[in-house]
Amino acid sequence: MIDYIKGTVKELSPAHVTVETAGVGYFISISLNTYSKLENRSEVKILIHEVIREDAHQLFGFADEEERNIFRNLISVSGIGANTARMVLSSLTPSEVEKAIAESDVNILKGVKGIGLKTAQRIIVDLRDKIGKQASAAEIFASEDNRKRDEALSALVMLGFARGAVIKVLDRLMKENKNQTVEELIKNALKNL
């Protein structure tokens, strides 16, 4: 599984980027949000989500972890494929998607090409608990605290712990003591998981 690709931008369009690394050019589908963050940059690090099927091997790229997480949540919804999720992230920013889901705003999601009423409702029902809690928790913490929390969350999820359980424990630990280092957060979270 490819986590990210770091290299030189050889071609950039609003729908894709070709990144060359070690003599290999990778064709990566991107959203407009990622495109705007990559413009005028020659060296990039793009987070990747791979889709491997019998007839295709596709790479989807993201400028940041937040957008990739929203993408992965969207494709977990029945009826939402990778290209539809990319269309959502081209029409709305990750924070707008989170807000629409948290506030059950069907009209914002329906405004995206390819998303009808039933699909918008399904997105809200399926993701309200996942994204709504992440969005509200993220607003509580300052950016430095978010960085620590995100690093600890990433490490604990890589160790095999359930994302939802880790988020609850980390949020509680951050409320108790915001001055913990990433290492302390991980150690304390391991005691509570």
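The values are calculated or read from the model by the stated rules, or taken from the named source; none is laboratory data. Computed from a predicted structure; not experimentally measured. Positions of Cβ are generated from backbone atoms using ideal geometry, with glycine treated the same way; all protein chains shown enter the neighbour counts.
Which pairs turn up if I take residues in region 90-118 that are assigned by TED's automatic domain parsing to the domain that holds Asn73 and look for partners that are assigned to a loop (DSSP other than H, G, I, E, B) with beta carbon separation below 6 Å, at least 6 apart in sequence or on another chain?
These pairs meet every condition: Ser90/Ser31; Ser91/Val112; Leu109/Ile115.
What are the residues in region 52-104 that are modelled with pLDDT under 90, among the aliphatic types (A, V, I, L, M) and either exposed (fewer than 14 other Cβ atoms within 10 Å of the Cβ) or closer than 24 Å to Lys6 by Cα (or both), if any?
Ala56
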